[in-house]
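The values are calculated or read from the model by the stated rules, or taken from the named source; none is laboratory data. It should be emphasised that the depicted structure is a prediction, and the values quoted were computed from it without experimental measurement. Glycine gets a Cβ as well: all are built from the backbone with ideal geometry, and neighbour counts include every protein chain shown.
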Amino acid sequence: MKVIDIQGLKKSFTGKRMQRVEALKGIDLQVGRGEVFGFLGPNGAGKSTTIKSLMGLIRPTAGTVRLNGIDVHDPASRRSVGYLPENPAFYEYLSAQEYLTFVGRAFGMVPQRVKERGEQSLRRLDLWEARSRPIRGYSKGMVQRLGVAQALLHDPDIYIMDEPMSGLDPLGRALVKEIIRELRGEGKCVFFSTHITADVEAVCDRVGVIVNGALRMVERVDRIMAEGITGYLLRSRSPAGEREQIVTVDHLSDLLSRLKEEGQTVTLVEPVRKNLEQFFLDIVKGG
Ligand SMILES: Nc1ncnc2c1ncn2[C@@H]1O[C@H](COP(=O)(O)OP(=O)(O)OP(=O)(O)O)[C@@H](O)[C@H]1O
Ligand SMILES: [Mg+2]
């Protein structure tokens, strides 16, 4: 059984002047335990619509969505889900600590556990010092960090996050990526959306590219990276000095033997690859 199971998901909105927007045109996607899945797509592609469907917040026009085998119509499907919405907003008069207490109660956690997990999550997200201040006075990045902290609170098995790194400084981005890697290590399932390819490269096992409501590609990130190797950068040293050259994959071994014959020392061999961003741009521009 897959942890996240989306089949034939379609969603149409009726906008102003009765215009119909086909936000999702039939999405099929499965994500398993211990897997980090990056949902990559440009603005307006349908990422948030998919995520809201996963959380049972909007009703699909067609298709089924299941979490841990339970249809998302059933609130029981969300019992073991940590959810971070796009642009999280909280009760501003509460402090982070009070908010987490509220969330913990909603999940039926016992007070002692709320206290322990709350402290852990707030410390992890670097909000411990600010925990008693009203959220009203938090910066944008602090609100985003609180969003991540509340998603971690009840130690769920599934994490569904809409642009978790959004609004964070480089330290915050690195921290959230580290947390995602830890979750994978614990066997959790993480599904997050982003339009930043570097974040996918850094933490995801698989990536799905959504454009205009349709999944254009689902692939393992390591496979994309391996297939994207176009050649090698080779640095070698001889008494005459240091030299760098780029060779195609086919000519690498010939060049290595020749350099050896010439008595040169190879100091660096580095793959030259088409990065995920180029793949992404090719797919998005591919129409
Ligand atoms: N409530 C709504 N009513 C009408 N149209 C909507 C509604 N919600 C989303 N849409 C439309 O559905 C499409 C997908 O929107 P969605 O918010 O899922 O995109 P996204 O991939 O999350 O984009 P972004 O990167 O900007 O967050 C867009 O064309 C959007 O205008
Ligand atoms: Mg969105």
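Here are the numbers:
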| item | result |
| --- | --- |
| Residues satisfying the stated conditions in the stretch 141-178, i.e. crowded, with 19+ Cβ neighbours inside 10 Å, of a type in the set (Asp, Glu) and in a loop (DSSP other than H, G, I, E, B) | GLU163 |
| Some residue of the stretch 206-227 being among the charged types (D, E, K, R) and in contact with a Leu (Cβ under 6 Å, 6 or more places away or on another chain) | no |
| Where ASP71 falls short, out of the listed (1) in contact with a strand residue (DSSP E or B) (Cβ under 6 Å, 6 or more places away or on another chain); (2) away from ligand 1 (no atom under 15 Å from the Cβ) | (1) |
| Unique match (being within 16 Å of ligand 1 (Cβ to nearest atom), of a type in the set (S, T, N, Q) and within 26 Å of the chain's Cα centre (by Cα)) among GLN120, GLN144 | GLN144 |
| Meets criteria (more than 16 Å from ligand 1 (Cβ to nearest atom), within 28 Å of GLN144 (Cβ to Cβ), in a helix (DSSP H, G or I) and not β-branched (Val, Ile, Thr)) for ALA202 | yes |
| Check on GLY34, modelled with pLDDT under 95, assigned by TED's automatic domain parsing to the domain that holds HIS73, of a type outside the set (Val, Ile, Thr) and within 8 Å of ligand 1 (Cβ to nearest atom) | no |
| Those residues of the stretch 220-267 which are closer than 30 Å to LYS25 by Cα and surrounded by 14 or more Cβ atoms within 10 Å (Cβ to Cβ), in sequence order | VAL221, ILE224, MET225, GLY228 |
| Criterion (touching a strand residue (DSSP E or B) at 6+ places or on another chain (Cβ under 6 Å) and among the basic types (Lys, Arg)) met by exactly one of LYS47, LYS52, LYS16 | LYS47 |
| Sole exception among (1) surrounded by 15 or more Cβ atoms within 10 Å (Cβ to Cβ); (2) outside any strand (DSSP E or B); (3) among the basic types (Lys, Arg); (4) more than 16 Å from ligand 2 (Cβ to nearest atom) for ARG66, by number | (2) |
| Matching residues, the stretch 39-63, being within 15 Å of ligand 2 (Cβ to nearest atom) and either basic (Lys, Arg) or touching a Leu at 6+ places or on another chain (Cβ under 8 Å) (or both) | GLY46, LYS47, THR49, THR50, LYS52, SER53, LEU54 |
